[in-house]
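Here's the structure we're looking at; comments come further down.
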Amino acid sequence: MHKIKIAVIGVGNMGRYHARVYSQLNNVELVAVTDTNDVVGMKIAQEFNCQYYKDHNELLKKENIDAISIVVPTKLHKKIALDVISHGKHLLIEKPIAANSQDAKEIISMAKKKKVILMVGHIERFNPAVQKLKKIIKAGNLGEIISIIARRVGVSPPKTNDANVIIDLAIHDIDVLSYLLNRQPTEAFAKGRKVLTSQVEDSAEIILSYDRVVGFIQVNWITPIKIRNLSVTGSNGYAELNYITQALDIYKSKYIKESNSFGEFIKLGKPIKKKIKIQKKEPLLCEIEAFIRCVTTKIQPLTTGEDGLKTLIVAEKALKSLKHGKIIKI
């Protein structure tokens, strides 16, 4: 069986996990990794028995690669992605797709021109609990969706001063909300604060309007415990999801509409709770397996370049709202 030859560009905090997962797949050969840090790069190459390059361009010239994961700081996404695409290589690029929507458009355009697969690493879409919740919502089991609330707080602040809590953190939930609702928001409003640093906001709250549905996202690098939760309220029920444990609980509403001489009123009963069985699996493994399937079968990714662009545009609008203190149309 022909093995897909893979390389990982950038093996820092997230890139090393990409290298690990690729090394575990039977139909994949991890050929090489690159990193500007020799110590880090050589250590990962030795651990997973592959070649190390300091310069990704040298890798592209010397190695016969089918596809590449780009896991470098966001500001480098455009340059490296265009280098990879120019060599006709399929690519999985970590979220966000680029530092800004204009750069994202250039990446997408070049990928189409070169006819290479472009997948964006919005990892939470591949979380088995999110996949299950998507099916439950689509089946109408919660009734009409009223609101979605996401909390993504309590993680070590990034080491770079240009990291932004909305672009780097909230973008996960912006993507998930639009994925679950199968549409993009029409308005964004955000508030943020610089709490532990004077450089950029490290705490923010975002309200997204999806016509009749309201989405609320809370993100920060401040809360002393790590919380990754999502809750969905519908006319017929309520869902609670834990991204980390992949637990999903559904509460079925139990109410009766009654009326008397004073008018109509709702009589609420005790909700019926159901723990949804989830076949737990590492989201990154699910994501990378999906990427390999796209490379081998040429099917469209679950997270296309266009999906990455739409999510980035929403995040940019939220940032604009934060800056000007007003609701921004999308």
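The values are calculated or read from the model by the stated rules, or taken from the named source; none is laboratory data. Nothing here was measured: the structure is a model prediction, and the numbers come from that model. Every residue, glycine as well, gets a Cβ built from its backbone with ideal geometry; the counts of neighbours run over all protein chains shown.
Out of the residues in segment 33-50 that are acidic (D, E) and part of a helix (DSSP H, G or I), state the one that is farthest from G12 (Cα to Cα).
My answer is E47.
Determine whether P185 is of a type outside the set (K, R) and either surrounded by fewer than 18 Cβ atoms within 10 Å (Cβ to Cβ) or outside the structural domain of T245 (by TED's automatic domain parsing) (or both).
No, not satisfied.
Scanning segment 272-308 for residues that are exposed (fewer than 14 other Cβ atoms within 10 Å of the Cβ) and of a type in the set (A, V, I, L, M), which turns out nearest to A239 (Cα to Cα)?
Filtering segment 272-308 for residues that are exposed (fewer than 14 other Cβ atoms within 10 Å of the Cβ) and of a type in the set (A, V, I, L, M), the one nearest to A239 (Cα to Cα) comes out as I272.
I'm trying to understand the selection: among the residues of segment 265-292, which are more than 20 Å from I6 (Cα to Cα), at pLDDT 95 or above and among the hydrophobic types (A, V, I, L, M, F, W, C)?
Across segment 265-292, the qualifying residues are I276, I278.
Hey, among K89, K75, which residue is within 19 Å of the chain's Cα centre (by Cα), among the basic types (K, R) and surrounded by 13 or more Cβ atoms within 10 Å (Cβ to Cβ)?
K75
Can you name the condition, by its number, that P157 falls short on among (1) on the phi < 0 side of the Ramachandran plot; (2) touching a strand residue (DSSP E or B) at 6+ places or on another chain (Cβ under 8 Å); (3) at pLDDT below 95?
Answer for P157: the failing condition is (2).
Tell me which residues, restricted to segment 80-98, are touching an Asp or Glu at 6+ places or on another chain (Cβ under 9 Å) and not in a strand (DSSP E or B).
Start the filter on segment 80-98 by keeping residues that are touching an Asp or Glu at 6+ places or on another chain (Cβ under 9 Å), which leaves 81-82, 89-90, 92, 95-98.
Correct list: A81, L82, K89, K95, P96, I97, A98.
From I166, I222, I206, I146, grab the single residue that is in the same structural domain as S235 (by TED's automatic domain parsing), part of a helix (DSSP H, G or I) and touching a residue at least 12 places away in the same chain (Cβ under 8 Å). Spell out the reasoning first.
Numbers: I222 fails: part of a helix (DSSP H, G or I); I206 fails: part of a helix (DSSP H, G or I); I146 fails: part of a helix (DSSP H, G or I).
The conditions single out I166.
Need the failing condition index for P185 against (1) under 18 Å from S321 (Cβ atoms); (2) assigned to a loop (DSSP other than H, G, I, E, B); (3) more than 19 Å from the chain's Cα centre (by Cα), just the number.
(3)
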